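Here is the structure we will look at.
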Amino acid sequence: MHMSSRMRKTKGQTGNRRSHHSIDEQRLSKEDGVYHLRHRASLQTGTYRGREVIDVRSKRQKQLERARDKARDRGEDPELVQEKDVETNQELKTDNK
């Protein structure tokens with residue numbers, strides 16, 4: 001007598017299990033006219049659920065000061081560095097919708 005293997009699954013059962021493994025799109029909320037990830041503070045405005053939790057102005061000022069210090073170290077004029085020249089990795093792409 002040959003016993004069947006209880007561990008074996010059909011392709012259909014495997015596919016049904018894997019159907020929930022896909023990655024969904026990021027869920028976005030719009031608060032103060034700015035999109036941000038749900039359950040996280042907006043990195044542009046520094047607010048979460050209507051309260052300011054991150055001081056964005058001082059953070060931006062520190063980034064600008066660091067960029068001017070680097071320009072000074074390179075021998076460039078630090079006054080030529082402007083806010084638009086400072087890169088931010090806090091931008092959230094919203095063109096998927």
- prompt: Identify, please: which residue in the stretch 1-28 is at pLDDT 85 or above and among the hydroxyl-bearing types (Ser, Thr, Tyr) and is, among those, nearest to Ile54 (Cα to Cα)?
  reply: Ser22
query: List the pairs whose first member sits in the stretch 1-26 and is charged (D, E, K, R), whose second member is at pLDDT below 90, and whose Cβ atoms are under 7 Å apart, counting only residues at least 6 apart or on separate chains?
result: Glu25/Asn96
Every residue from the stretch 35-83 that is among the hydroxyl-bearing types (Ser, Thr, Tyr) and assigned to a helix (DSSP H, G or I): Ser58
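The values are calculated or read from the model by the stated rules, or taken from the named source; none is laboratory data. Quantities reported herein were computed from a predicted structural model and do not represent experimental measurements. In this analysis, Cβ positions are derived from the backbone assuming ideal geometry, glycine residues included, and neighbour counts consider all displayed protein chains.
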